[in-house]
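One structure is given here, and the rest of the page talks about it.
Read-outs throughout are calculated quantities, based only on the coordinates presented, and are distinct from any laboratory measurement. A quick note: this is a predicted structure, and the numbers were derived from the prediction, not measured. FYI the Cβ positions are ideal-geometry reconstructions off the backbone, even for glycines, and counts take in every protein chain you see.
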Amino acid sequence: MRVLLAEDDDLTRQGLAEVLQQEGYDAVQAANGSAALDCFTAQRPDFVCLAIMMPGQNGYDVCRAIRDADPDIPIIFISAKSEEIDKVVGFEIGADDFIVKPFGVREVVARIRAVTRRCIVAGKTSRQESFEIGDLTVNPDELRATRGETTLELSLRDVGILELLAQNTGKVLDRNTIFSHCWGEDYFPNSRTLDQHISQLRKRV
């Protein structure tokens with residue numbers, strides 16, 4: 001799933017891009033409003049994260065332009081502007097959510113997963129059938145898995161890994177196979193990245 005991330009602060013943008021990529025998204029970055037609109041037209045993302053105060057065109061203007069082109073695409077504002085009027089304006093022009101800086105990574109992840117579920121329900125991405133792996137039932141469309149009455153929250157990356165393992169029950173998968181399926185062929189493998197992700201996923205499931 002592709003996300004357009006428009007933010008003029010380099011550190012914030014790169015930090016958010018890293019979070020999104022860890023979750024399994026393809027993060028397309030833009031450093032100003034004009035670049036954001038160009039990226040939107042060229043890349044056709046599944047949803048958009050926008051700062052408000054950006055050079056060129058501000059986030060409100062970008063949001064209006066995107067809404068004119070696609071009335072249904074989810075848009076999240078991520079901004080230091082925290083007054084009630086800022087949020088009201090954002091929602092009135094078509095934002096689906098508004099995250100105030102400074103923010104916690106868990107909050108951003110939770111909001112983005114919620115948007116992802118809405119994208120799937122709205123048919124903007126392909127729907128996937130649930131599947132079982134051991135005593136775990138994985139529901140890709142909900143980014144969740146269940147074991148009895150226990151519900152586990154999953155990322156897109158988690159779902160991809162579990163799906164690959166379920167399709168290859170009883171087989172040993174090498175690192176390149178996992179990276180290619182779950183990170184993409186353009187990703188440059190790093191053993192530590194894979195080890196950490198598998199370790200965290202194992203603890204949760």
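Arrange 197, 181 by Cβ neighbour counts within 10 Å, fewest through most, would you?
181, 197
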Completion exercise
For the chain, the dipole about the Cα centre with charges only on Cβ (Lys and Arg +1, Asp and Glu -1), to the nearest 20 debye, works out at 500
Problem - Computed magnitude of the charge dipole of segment 131-204 (debye, nearest 20; Cβ of K, R +1, Cβ of D, E -1) - result: 340
Completion exercise
Of all DSSP beta bridges with both partners in the chain, the antiparallel percent, nearest 5, is 40
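Short version: what are the Cα gyration tensor semi-axes of segment 131-204, square root of 5 times each eigenvalue, largest first, in whole Å?
22, 13, 11
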Completion exercise
Only helices counted: for the chain, with every DSSP H run of 4 or more residues adding -39500 (n - 2.57) and the sum spread over all residues, [θ] at 222 nm is -14500 deg cm²/dmol
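Relative to the compact-globule scaling 2.2 N^0.38 Å, provide the ratio for the alpha-carbon radius of gyration of the chain. Let's see the in-between values first.
Numbers: Rg = 18.0 Å, N = 205, 2.2 N^0.38 = 16.6 Å.
So the Cα radius of gyration is 1.08 times the expected 2.2 N^0.38 Å.
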Fill in the blank from the handout: In whole percent, the Cα-Cα distances of segment 2-121 spread across 10 Å bins from 0 upward as 14, 53, 32, 1
